[in-house]
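Notes follow once the structure below has been shown.
Values in this text are rule-based calculations from the coordinates and carry no lab data. Predicted model, so just to flag it, every value in this text is computed and none were measured. Every residue, glycine as well, gets a Cβ built from its backbone with ideal geometry; the counts of neighbours run over all protein chains shown.
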Amino acid sequence: MTTAPADLSHLSPAGRAPEHLPAVPAEQVEALAAELRTLLGDTGVSDEAAALDRASVDGAEMSPVVKDLLPLGRAQLVAYPKDAEQIAAVVGAAVRHGVPVTVRGKGTGNYGQAIPMAGGLVLDTTRARSVVEVGEGYLVADAGAPIVQLEQAAMRSGQQLLMYPSTVQSTLGGFVSGGSGGTGSIKHGMLHNDFVTSLDVVHAVPDAELIHLEGKETEAYLHNYGTAGVIARIGVALEPAQDWRAFYASFEDVHDAFGLIRQISALEPTPRLVSADGPRITAALPADEALPADRSSLRAILDAATVEAATALVEAAGGTVEAVREGLQQTMKLSTISYNHPIEWLMKSSPDERWFHVEVSGDSLVDRLDEVQEVYPGALLHIEGQAGRPIGMLAAPYTSSADVWPGFERLVALEVGFHNPHQWYVDYQPDAVRAMAPVNDPHGLLNPGKLAEPTVWTGAGSKMVVPMPDLDAE
Ligand SMILES: Cc1cc2nc3c(=O)[nH]c(=O)nc-3n(C[C@H](O)[C@H](O)[C@H](O)COP(=O)(O)OP(=O)(O)OC[C@H]3O[C@@H](n4cnc5c(N)ncnc54)[C@H](O)[C@@H]3O)c2cc1C
């Protein structure tokens with residue numbers, strides 16, 4: 001997210017979606033399919049319509065702006081390598097046939113990042129799911145390993161992941177390529193902050209092979225949607241396991257619930273997660289007696305040693321502790337109703353309404369809550385504790401894209417940092433990806449369409465806000 005204030009002069013809504021990139025000629029795809037069948041066997045590759053359809057969608061529908069632009073591309077072939085070595089072999093084959101490669105984990109990434117905009121090959125990693133090694137302070141797994149499986153593997157050795165996203169069934173490769181943080185981020189920040197210890201990456205070259213990287217070298221491959229290289233195997237840091245509790249509190253007044261976000265986040269040992277919602281979003285969450293539908297909710301994953309202090313804070317603020325639950329299943333359940341999930345539940349709860357959201361950050365989310373919610377008519381804020389300052393998702397009924405952009409300026413005026421999620425461009429150090437391309441992707445075959453033209457950069461810091469198409473002008 002940007003930190004306010006930002007230069008908004010570029011935010012003209014007059015841009016257009018990129019034209020669909022041309023699909024790959026059928027004979028090239030067929031030649032690649034034949035080679036992949038030899039490499040992976042008949043079940044390791046598919047050109048069936050249902051498989052191609054499944055490989056061509058992701059979490060883009062969370063944005064009505066992007067949803068109105070779908071379909072943005074369709075796979076022509078899908079490959080299912082079973083380990084890191086096969087991932088490298090698949091990339092090499094695609095390059096030799098001149099076919100673009102869009103990697104796909106579980107396809108939960110938001111906003112079209114995993115859509116194969118130039119067609120070609122989708123490399124689905126979900127069968128490459130082995131946990132290769134669990135050691136003291138680290139774990140190594142193939143890219144398609146589901147996050148929940150990794151947390152379980154870590155726990156069997158008395159350890160835990162530093163962080164994981166609310167999409168706990170998503171893949172580790174997808175998380176480090178498309179995600180940013182989640183449960184654990186109050187203490188450990190975002191995934192660029194020493195979460196990844198090693199990577200085996202694959203460049204888009206004809207003789208592709210696994211390249212092993214450690215420490216700082218790995219950073220150039222994180223959060224850029226597979227445009228810098230295909231991540232085949234990942235080492236992540238572990239820490240000693242803690243005794244966690246799922247903590248639920250409710251409040252009459254949303255200001256009291258949100259007002260505690262920073263204090264609960266500051267407890268020691270640091271909570272793994274602290275989320276809060278007003279009554280409308282709380283009522284949209286999966287039914288639970290610990291989530292009274294007419295009240296605001298504060299939910300936290302707390303170290304057992306801090307439950308008493310958290311209870312005292314809740315009661316002093318006029319709230320009620322609804323439940324304190326134990327066990328991995330209970331704490332994971334709280335993770336699965338954090339970050340973007342409350343917004344997704346809100347959307348599901350009112351299918352006749354269209355909602356959009358903007359990712360927001362800063363103390364104003366608490367201190368100026370009413371003004372923040374007035375930025376868009378009918379807006380509701382979901383909030384998360386974070387290191388330094390809260391972050392959140394500001395959701396509002398969607399009218400048109402032209403009504404979304406002016407809100408950015410109003411957020412900045414309230415000293416709210418924001419990130420425009422209605423776009424699929426790499427927004428973390430895209431210039432660095434571009435600079436690596438001659439070596440990593442000399443033929444431009446890695447996830448084409450995700451690096452925007454440099455003219456749309458904000459030029460401020462490493463983040464950018466890309467102007468999006470004015471659909472209403474079409
Ligand atoms: C409801 C909801 C809640 C979410 N909550 C969170 C959250 O708490 N925290 C968070 O960070 N994100 C969150 N996300 C975003 C996303 O779900 C996560 O980042 C997730 O971990 C992505 O994993 P995936 O396996 O689904 O990846 P995919 O969606 O399949 O891929 C994501 C991106 O990474 C690329 N990619 C995938 N695998 C590789 C690889 N091996 N090598 C190179 N590139 C690759 C893809 O091409 C794509 O661009 C949320 C999304 C939704 C819809």
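Couple of notes before you dig in:
- Tally of residues being over 18 Å from Y425 (Cα atoms), in a loop (DSSP other than H, G, I, E, B) and either of a type in the set (D, E) or in contact with a helix residue (DSSP H, G or I) (Cβ under 7 Å, 6 or more places away or on another chain) (or both) across segment 24-73: 2
- All told, T270 falls short of being part of a helix (DSSP H, G or I) and within 18 Å of Y339 (Cβ to Cβ).
- Among the residues making up segment 142-190, those that are crowded, with 23+ Cβ neighbours inside 10 Å, over 21 Å from K82 (Cβ atoms) and near the ligand (Cβ under 7 Å from one of its atoms) are P165, S166, T167, G178, G179, G181, G182.
- Within segment 319-363, the residues that satisfy the criterion of being aliphatic (A, V, I, L, M) and surrounded by fewer than 19 Cβ atoms within 10 Å (Cβ to Cβ) are V321, A323, V324, L328.
- Residue check for R245: basic (K, R), more than 10 Å from the ligand (Cβ to nearest atom), in contact (Cβ under 8 Å) with a residue 60 or more places away in the chain and touching a Phe, Trp or Tyr at 6+ places or on another chain (Cβ under 8 Å): no
- Across segment 102-141, the qualifying residues are those that are more than 9 Å from the ligand (Cβ to nearest atom), among the hydrophobic types (A, V, I, L, M, F, W, C) and under 25 Å from G444 (Cβ atoms), and the one among them that is surrounded by the fewest Cβ atoms within 10 Å (Cβ to Cβ) is A118.
- Among the strands (runs of 3 or more DSSP E) confined to segment 286-378, the ones with at least 2 residues that are more than 16 Å from the ligand (Cβ to nearest atom) are located at 296-303, 320-326.
- Being assigned to a loop (DSSP other than H, G, I, E, B) and under 20 Å from E344 (Cβ atoms) is a property that does not hold for G119.
- Residue under evaluation G98, criteria (1) closer than 23 Å to L451 by Cβ; (2) outside any strand (DSSP E or B); (3) touching a strand residue (DSSP E or B) at 6+ places or on another chain (Cβ under 8 Å), criterion not met: (3)
- The combined condition, being under 21 Å from L267 (Cα atoms), of a type in the set (G, A, S) and surrounded by fewer than 19 Cβ atoms within 10 Å (Cβ to Cβ), is not fulfilled by A379.
- Enumeration of residues in segment 197-241 that are polar (S, T, N, Q) and touching a helix residue (DSSP H, G or I) at 6+ places or on another chain (Cβ under 8 Å): T197, S198, N224, T227
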